[in-house]
1. For residue 203 and residue 348, what is the calculated FRET efficiency with R₀ set at 30 Å and r taken between the beta-carbons, to the nearest 0.05?
2. Ranked by Cβ crowding within 10 angstrom, fewest neighbours first, how are 373, 457, 595 ordered?
3. Tell me, in nm to one decimal, what length is gained between residue 84 and residue 624 on full extension, where the rule is 0.36 nm per residue of separation less the Cα-Cα distance?
4. Hey, got the Cα dimensions of segment 374-433 along the principal axes, in Å, largest first?
5. Within 10 Å, count the other beta carbons around each residue, average over each peptide in 197-206, 119-128, and list them highest first.
6. How would you rank 597-605, 55-63, 266-274, highest first, on the average number of other Cβ atoms within 10 Å across their residues?
7. So what does the Cα-only Debye profile of segment 310-418 read at q = 0.21 Å⁻¹, as log10 I(q)/I(0), no solvent term?
8. Could you line up 110, 487 from fewest to most neighbouring Cβ atoms inside 10 Å?
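None of the figures in this text is laboratory data; all of them are computed from the coordinates on show. Nothing here was measured: the structure is a model prediction, and the numbers come from that model. Heads up, the Cβs are rebuilt from the backbone with ideal geometry, glycines too, and the neighbour counts pull from every protein chain shown.
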């Protein structure tokens, strides 16, 4: 939509017209509520009109009022006498002056009327009223008729139309899908990178919708449904938007949660309404995002049995996708990151025939994704996207997009003309580990313990042949961590070798050992290392078969058993003796890694001390700095304290009090000059 007044070609223009006021017409919903309130008020008035009933009197009391000249008005009716009397001393402010006398019509003969005229004051009028019995009956029943009409119009009629009609409740059964065409989206396959195979598979579907006879020539049948499977942020929804941008057919998109409501049966009604409209506009594509919201495995649970709302919605989807009509050109594309919890009937051939795996991008894919997102960002001449792609293993497409955006924000806040390499690296660390807390005041002992902890990690990792190279070490708090040792993998690892896992466990143990060796005490900073080492050891034993004592057997159970809500003791797939052996082997692996790491730390204590002292001085050092320190060289550059002293001295000379900040003392890569403060 172009910038300006905010009115697109398909939006009504509600701006004031020249030469006249901007008249707003009340919406239909407001008019309905006004009618509703008016009828309710009328109903209340009619039902409460009988509160002030006339005073019931007998014939003797009536003649007493006549003889005392207390009558103001008299009406003679076929069933009695009504009128109004004058207030007397015994009456109160709330006394009712109207009276009613039930008197039979034959008793009011001509003699009665003559006597009444002679006794009554001549100024008091006597009126004769004839009322229809039918009218009396209708007036007495009118409040109840209005009550029935109210419930019929505003309740029963709306519930009857809930399957697709309008009104206050009528939209429950209507599908909440959004129709997207090629003209309404700006995303094409040129905006999708890093998932080449997935793009090729969905390209076949688009080609079939454009030219179905090409595939039918050899008797082939296009899949009825395609399931996009992948981790969050890998580009499943983006790929669906690109399909809408490339296809020349209507694109119906809806989320799985839009089917679920508090009323049972509404989700199934929306499914039928969605497929009905899709068949009327075939050939077309239906995109169901987050289908696991309604497509979970059926079965008895705490949520209910066969009458559960989600289960009825799933049944409707199953019927619509594989009903009796098999010649309609409606293709269903769904996306989920939990294919393990989907119902088997949903992912069988004939419904979702094909599963397209949208995996995490490799180094080449990450490079292509970074280039796509960097097209709208001004990059500096020192930016190396290939090195950034190499330093972002296990990052998804959404993470890479966040890196580009965060780097642009960082460069903007620092008043730069373009995004530099250090902005990209800082954005990467911020996306994965959190923002650096440079203003946090840290106790000297705590800082020393953190420095030796990270130095232990870095030295052991540098000496381990099968571990990843060290990229950077920092004791600046970032996110929940007091410090971090960053690795730069030389390649993407699709499989983890036994040597790599054991080397990683030794690196994890080295931080605690360095603290104990040089600080004489330990702290809780190694909790994340302990958890990660324990998980690696347990998976080696129970999942990966990397244990000679237990052998080539999996003991972790299948994914379906992990999703059960009740973990019964009888559900274990191994005995108590096997569980004891698993615990013993996990303990043995961690003890062995701890012993090996202690030997390396004790044998390289001088190197650990040198690296820790450099960390205390500079706060952040690179992998090249560590290589130089291990080779016996020194880092000849001013430390953070020197930079702060120089800046404080400059402020004192100028006579200005400026806030002092400690910038990152080293660039992210290489041995380039330090960024000067200010």
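1. Computed FRET efficiency for residue 203 and residue 348: 0.80.
2. Working: 373 18, 457 27, 595 12.
So the ranking, lowest neighbour count to highest, is 595, 373, 457.
3. So the extension gain works out to 183.4 nm.
4. Over segment 374-433, Cα extents along the principal axes are 31, 20, 18 Å.
5. Details: 197-206: 16.9, 119-128: 11.7.
Those peptides, ordered most packed to least, come out 197-206, 119-128.
6. On the way: 597-605: 17.2, 55-63: 12.9, 266-274: 22.2.
Output ranking for 597-605, 55-63, 266-274: 266-274, 597-605, 55-63.
7. -1.08
8. Numbers: 110 7, 487 19.
Ascending Cβ contact count within 10 Å gives the list 110, 487.
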